[in-house]
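Take a look at the structure set out below.
The values are calculated or read from the model by the stated rules, or taken from the named source; none is laboratory data. Keep in mind the model is a prediction, meaning the values are calculated, not measured. Using ideal geometry, Cβ is built from the backbone for each residue, glycine included, and neighbour counts are taken over all protein chains shown.
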Amino acid sequence: MSVAEVPTESRPQPSHLYRWLVLIFVSLAMFGNYYIYDSINPLERIFLVQLGFSASMFGWLNASYSVAAVATLLIGGILVDRLGIKKSLLLFSALILVGAILTALRGNFYTMVAGRAIVGLGAESQIVAVTTALARWFKGKELSFAFGINLTIARMASIAADNSPTWAKFAFFPNGVNAQPSWHRPLLLAVVVGSTCVVGAVVYWALESYADTRYHLGKSGEPDKLSFAEGLKFNPSYWYVVALCFTFYSGIFPFRTFAIDLFTSKILSQMGAAASSTAAFASAQRLAGSFNSVIPAAALFATPLFGLLADKIGKRATLMVAGSFLMMPVYLLIAYSSISLVVPVSLMGIAFSLIPAVMWPSVAYIVNEHRLGTAYALMGLMQQIGFFIFNLAIGKANDIGHAGPENFHGYALGMWIFSILGFLALFFALLLRQRETGPDAHGLETITTATGAA
């Protein structure tokens, strides 16, 4: 009797090496996803100068992604269930690549918006498929470790995209740093690097197909499904966490959309009249990309450490208050002080490492296990709504202020919007801590591992 004819329950488990191969290639698929999303971050000023975009138009490139992502949150999990992991992973990865190709096709605003929307349709569903795959292949303590490695590899793509003007000068400045930068070649580079999402999906298809006939695999994890009726039943602590999630992430990711242009303009404004040359712009942009990459880079190493700290001491609500407090001065320091960008960017990196490390696991204390899918899906929905609103709001604010290297104070309105989000994040974190130190606490401030209530 061949291995394929052995009953599934009697087959051996996949080896650790085989599981590692699966982890590497699904993470490679997410690497391409993250790189394509962040690939436009260094291009704002180039689009404004060469394509005649406004900051509002640039904001639409990520806002259109978020609109598509909201639709994905409603149907992505269902598609993964019906198509299976390998088919859905390949389909969604192919959509991401098609969106990247469409974005790079022409320097036309509507074509680019359509391309970014297609990226959004594929990207969020791909993450659902990857999450489901990891839940199928890894169990128990291995699962958290696998998720950590997966996210680390994906965030490396964000770091690579932010720093692409440094390591990919050939794309940004094909005729030398004294010539005009290219808007087109960095997008073509994103297609090439982002093709890893399809490569990873194809290899995963082969790995799963081979394993299905030879190994006993676990059942697929249940993808997050959205139910507004269920969400209305959640307790106030959950909604404080959702409000913190909305305000905190709305201050991080839309900021990253515009941050490289903001940092470039600040550096150029400090350089003065000598900053008018293309070479000065290239130098400032490379430095700005390095500053922007500090935020995901810090999270690579610090998030797991903060997670271990929360497991050790509890105090999760208190830690969220601390992270929110760190965010408050960041934007105004950037807008009004002459202090080195190292200081506010470092504060933001610490906050971006601390809050997610305790916020997402805290939901498992507050919400019953059988409703976690709905809880996380609602949080994801609120995130994307925040990204949509504030990508557009900050773009409009920068247009109103005529922000740029010649008028750095034009960014001030946008920085005040982000600062208000920081104050609101602290407000909701304080409300959460007040509730979690009172009689209706769910154990966020303790060291217990109990799962939460309704």
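Here is how the numbers come out for the structure above:
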| item | result |
| --- | --- |
| Test result for N391, modelled with pLDDT of 85 or more and over 19 Å from the mean Cα position of the chain (by Cα) | no |
| Residue tally, condition aromatic (F, W, Y) and modelled with pLDDT of 85 or more, over the stretch 281-315 | 2 |
| In the stretch 396-454, residue modelled with the lowest pLDDT [restricted to those that are out of contact with any Gly (no Cβ under 6 Å at 6 or more places or on another chain) and of a type in the set (S, T, N, Q)] | T451 |
| Some residue of the stretch 359-370 being outside the structural domain of I78 (by TED's automatic domain parsing), among the β-branched types (V, I, T), closer than 30 Å to T446 by Cβ and out of contact with any His (no Cβ under 7 Å at 6 or more places or on another chain) | yes |
| Meets criteria (in a helix (DSSP H, G or I) and modelled with pLDDT of 90 or more) for I260 | yes |
| Condition met for T446 (assigned to a helix (DSSP H, G or I) and not hydrophobic (A, V, I, L, M, F, W, C)) | no |
| Among the residues listed as A211, A190, the single one being among the small types (G, A, S), at pLDDT 95 or above and either in a helix (DSSP H, G or I) or over 20 Å from the mean Cα position of the chain (by Cα) (or both) | A190 |
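Yes or no, residue by residue, for (1) buried (at least 17 other Cβ atoms within 10 Å of the Cβ); (2) among the hydroxyl-bearing types (S, T, Y):
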| position | (1), (2) |
| --- | --- |
| L90 | yes, no |
| F109 | yes, no |
| L121 | yes, no |
| T132 | yes, yes |
| F145 | no, no |
| L151 | yes, no |
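For (1) out of contact with any Asp or Glu (no Cβ under 9 Å at 6 or more places or on another chain); (2) within 18 Å of E44 (Cα to Cα); (3) free of Cβ contacts under 8 Å to residues at least 12 places away in the same chain, each residue gets a yes or a no:
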| position | (1), (2), (3) |
| --- | --- |
| N62 | yes, yes, no |
| A69 | no, no, no |
| L74 | yes, no, no |
| D81 | no, no, no |
| I85 | no, no, no |
| L90 | yes, no, no |
| A94 | yes, no, no |
| G99 | yes, no, no |
| T103 | yes, yes, no |
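Yes/no matrix, rows are residues, columns are (1) surrounded by 17 or more Cβ atoms within 10 Å (Cβ to Cβ); (2) on the phi > 0 side of the Ramachandran plot; (3) β-branched (V, I, T):
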{"residue": "G251", "(1), (2), (3)": "yes, no, no"}
{"residue": "F255", "(1), (2), (3)": "yes, no, no"}
{"residue": "F258", "(1), (2), (3)": "yes, no, no"}
{"residue": "I267", "(1), (2), (3)": "yes, no, yes"}
{"residue": "G272", "(1), (2), (3)": "no, yes, no"}
{"residue": "S283", "(1), (2), (3)": "yes, no, no"}
{"residue": "P304", "(1), (2), (3)": "yes, no, no"}
{"residue": "R316", "(1), (2), (3)": "yes, no, no"}
